[in-house]
1. Go through segment 344-375 and count every residue that is surrounded by fewer than 16 Cβ atoms within 10 Å (Cβ to Cβ), in contact (Cβ under 8 Å) with a residue 40 or more places away in the chain and either in contact with a helix residue (DSSP H, G or I) (Cβ under 7 Å, 6 or more places away or on another chain) or under 30 Å from residue 394 (Cβ atoms) (or both).
2. How many residues are in contact with a helix residue (DSSP H, G or I) (Cβ under 7 Å, 6 or more places away or on another chain), touching a residue at least 40 places away in the same chain (Cβ under 8 Å) and either part of a strand (DSSP E or B) or on the phi > 0 side of the Ramachandran plot (or both) if we restrict to segment 2-41?
3. Assess whether residue 502 counts as being over 19 Å from residue 300 (Cα atoms) and surrounded by fewer than 16 Cβ atoms within 10 Å (Cβ to Cβ).
4. Quick one: which helices (runs of 4 or more DSSP H) lie wholly within segment 417-507 and hold at least 2 residues that are more than 25 Å from the chain's Cα centre (by Cα)?
5. Checking residue 194 against (1) surrounded by fewer than 23 Cβ atoms within 10 Å (Cβ to Cβ); (2) in contact with a helix residue (DSSP H, G or I) (Cβ under 7 Å, 6 or more places away or on another chain), which single condition isn't satisfied?
6. Going by the conditions given, is residue 433 surrounded by 21 or more Cβ atoms within 10 Å (Cβ to Cβ), over 27 Å from residue 119 (Cβ atoms) and modelled with pLDDT under 95?
7. For residue 363, all conditions in the list (1) modelled with pLDDT of 90 or more; (2) touching a strand residue (DSSP E or B) at 6+ places or on another chain (Cβ under 7 Å); (3) within 30 Å of residue 471 (Cβ to Cβ); (4) part of a loop (DSSP other than H, G, I, E, B) hold save one; what is the number of the exception?
């Protein structure tokens with residue numbers, strides 16, 4: 001199955017098919033499908049009037065808002081490439097994304113810049129737009145023809161196993177096909193109402209917007225603040241669908257156990273989806289007991305290929321730790337350390353072949369060549385080496401085993417240990433820095449930060465935590481800080497992680 005369609009067609013077809021039906025709501029503001037499309041066309045016309053050229057980037061530094069939802073499709077509709085910046089990123093991370101993507105324009109507002117420590121420094125050298133992009137566009141604007149499925153539509157920034165976050169290039173066809181595939185297996189339709197708590201800068205969250213647009217489903221987007229707020233949202237909106245990562249479902253299970261959430265709160269839910277890590281079996285048992293009418297879709301994906309697999313809900317109770325089978329148009333291979341394809345029940349690195357493979361990493365040809373390689377069975381078609389060790393059973397179901405590289409995952413976010421280390425490198429009293437993760441249950445990894453310094457300096461751990469709070473988003477905060485006189489090294493002069501774990505008695 002080849003990438004097909006584009007974002008312009010997605011918006012056009014929604015406008016024609018669903019018209020004045022309610023589409024997307026943020027807070028008290030609601031747009032119909034037709035109203036959404038009109039704002040998309042106006043914003044796209046204004047971008048073109050400002051001189052946006054095909055392939056130029058537009059960064060969105062915005063809070064959760066209708067403007068963000070509009071610009072996510074308006075920028076690609078204008079021929080540009082949209083760069084959504086995660087709302088939790090702080091100065092250093094935002095500045096890195098802007099320097100790396102080199103956007104033609106940065107769209108932001110006062111609320112989002114208030115969250116930055118030094119917004120003038122972060123935005124220095126960039127053309128900044130601070131008023132809504134669709135407010136002064138041509139009210140009669142229509143999309144221009146010529147957008148193809150192979151054109152780049154979005155840069156999604158995600159951390160790698162080393163270094164800072166890098167942009168993954170997704171095409172119009174990737175977005176349109178991903179929306180259609182997920183909508184098909186979730187059986188989404190105009191009677192559905194999706195409660196979207198995941199950020200649109202996360203591929204999993206973005207797909208909820210696009211799948212609703214594809215099918216005529218209604219979508220309410222909100223920032224998730226806790227189980228009590230979730231209960232209020234469920235009671236008010238009575239959604240049919242809710243997506244989450246393991247940490248959210250752990251919080252939901254705890255809320256259902258404590259009484260903060262009730263069985264009645266979930267009575268409207270037709271389905272729940274999980275991705276971003278394995279759903280803890282104890283949490284899934286609570287979900288199934290308290291909200292038995294909600295089908296659970298366990299899914300697997302990686303930003304380099306968006307979505308790879310899902311487990312049919314009727315198999316979930318018997319196999320709650322599996323993420324199932326390849327989705328339509330995708331083949332999942334397991335390869336051994338020599339790159340040989342393994343048949344039948346096996347354990348090896350998962351390789352994603354077929355539909356939804358991204359166009360690589362933005363301006364990183366060497367890293368692209370390392371992750372996006374030809375199909376190991378032969379042929380020139382690109383496949384994605386996931387970096388995940390996966391087990392396949394007799395029936396063809398897949399189970400996550402471990403990360404092959406050092407990439408960490410916390411609350412569904414992929415995190416580079418090196419990026420956490422960079423936040424404290426060079427601090428007074430801090431020498432060598434090393435970061436690793438330990439398993440933390442439903443929340444993912446717990447980050448352990450180790451520094452060379454004076455163990456007798458009782459003020460240093462608190463100073464390190466203050467530095468991290470000022471420079472890192474909350475999901476990158478270390479769970480533990482250890483100050484050691486020296487860090488152990490191996491024969492190559494590198495920090496010996498195994499020896500360090502042994503010294504600290506952590507696994």
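1. Within segment 344-375, residues that are surrounded by fewer than 16 Cβ atoms within 10 Å (Cβ to Cβ), in contact (Cβ under 8 Å) with a residue 40 or more places away in the chain and either in contact with a helix residue (DSSP H, G or I) (Cβ under 7 Å, 6 or more places away or on another chain) or under 30 Å from residue 394 (Cβ atoms) (or both) number 4.
2. Qualifying residue count, segment 2-41: 4.
3. Details: over 19 Å from residue 300 (Cα atoms): yes; surrounded by fewer than 16 Cβ atoms within 10 Å (Cβ to Cβ): yes.
Yes; evaluated as a whole, the condition is true for this residue.
4. 460-471, 497-504
5. All conditions are met except number (1).
6. Values: surrounded by 21 or more Cβ atoms within 10 Å (Cβ to Cβ): yes; over 27 Å from residue 119 (Cβ atoms): yes; modelled with pLDDT under 95: yes.
In short, yes.
7. Result: residue 363 passes all but (2).
Matching residues to (1) under 16 Å from the mean Cα position of the chain (by Cα); (2) without any contact (Cβ under 8 Å) to a residue 24 or more places away in the chain; (3) surrounded by 20 or more Cβ atoms within 10 Å (Cβ to Cβ); (4) not in a strand (DSSP E or B):
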residue: 183; (1), (2), (3), (4): no, no, yes, yes
residue: 207; (1), (2), (3), (4): yes, no, yes, yes
residue: 224; (1), (2), (3), (4): yes, no, no, yes
residue: 230; (1), (2), (3), (4): no, no, yes, yes
residue: 242; (1), (2), (3), (4): yes, no, yes, no
residue: 247; (1), (2), (3), (4): yes, no, yes, yes
residue: 250; (1), (2), (3), (4): no, no, yes, yes
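The values are calculated or read from the model by the stated rules, or taken from the named source; none is laboratory data. Predicted, not measured: the structure shown is a model, and the values here were computed from it. When we count neighbours, we look across all protein chains shown, and the Cβ atoms used for this are built from the backbone with ideal geometry, even at glycine.
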